[in-house]
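Accompanying notes for the structure given below.
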Amino acid sequence: MTPSGTGGGGHLFGNAIERVSAVVDARAVEVDHSSEAVFAVDGSGRKWVRKKMLYTGWQPILAESLGWLIGRDIGVRAPVGAICGSGDELSWLSSYVPNALHWQRNYAHFVQNIDEFGAMLALDALLYNADRHAKNILLVPEQGEENLIAWSIDVGNALVGHPQDFIALDLGVPKKPNSARALPLELMRVGAFAAAKQAAKLARTSTLERYVTEACEIVSEGTAPLLLEALSRRMESAVDLVEEYLKVLEGFP
């Protein structure tokens, strides 16, 4: 099915994801695996990182939409997300985070929001996101370089963006993830399991149904009921999935 725009119909309580009317592109984002991302500015002067469907396909936009919506409900710190354009110009917008560093192992014990950082791992396990390399983790200095706030970015490669594959997926987790090295997993466990418990509460709720419906409408994907069932099934098993995923990550140096 070819996406045709930002969906229709609307929702009783409005859209959960902001629609930005127009942006002006600036320079390209010079980061590996950036999916042809560019910096952009909207009419009010807000700065974004833009990923256009013309270059990425619709699957990353679906994955980013669901990742942002679910992530914010389970405690993941991520930039504000939005949608812009229609047709091939349909784009995922991620709010620009200034002064950000990328993950390095020597920063591990300077991360202040360790529970939000752990919640990121729960989101990756739930969405089957095997692409959490160092440049998909931002560290923002706060009151000095020894106080860093971790941000999760870019879940566009998560399997949830490929509904048929995700629906057919069992309750496993990525076995060979492209993961950042030397994550402080012991410190992240508490936040990861807290996020998993929140995810389990979100399963089969009207809120999750609204999220899945809206994300599928954005890309004109017709499998929302089946995708909702698959997501709910994984979220009900979130604690077990996080435990399994932590064991995988502990096997990396």
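Number of residues in the range 2-58 that are at pLDDT 90 or above and among the acidic types (Asp, Glu): the value is 3. Based on what the data block shows, is THR223 in contact with a Cys (Cβ under 9 Å, 6 or more places away or on another chain) and either β-branched (Val, Ile, Thr) or within 29 Å of TYR55 (Cβ to Cβ) (or both)? Criteria met by THR223.
A single entry from GLU209, GLU244, GLU229 fulfils the requirement of being under 18 Å from the mean Cα position of the chain (by Cα) and surrounded by fewer than 20 Cβ atoms within 10 Å (Cβ to Cβ): GLU209.
If I ask for residues that are assigned to a helix (DSSP H, G or I) and free of Cβ contacts under 8 Å to residues at least 24 places away in the same chain, which ones from the range 156-176 would you list?
Looking only at the range 156-176, we keep the residues that are assigned to a helix (DSSP H, G or I), and these are 159-161, 163-168.
Hits for the range 156-176 are ASP165, ALA168.
Taken over the range 143-180, residues that are in contact with a Phe, Trp or Tyr (Cβ under 6 Å, 6 or more places away or on another chain) and exposed (fewer than 13 other Cβ atoms within 10 Å of the Cβ) amount to 1.
The values are calculated or read from the model by the stated rules, or taken from the named source; none is laboratory data. Owing to the predicted nature of the structure, the values given are computational and were not obtained by experimental measurement. Note that we place each Cβ from the backbone using ideal geometry, even for glycine, and neighbour counts take in every protein chain shown.
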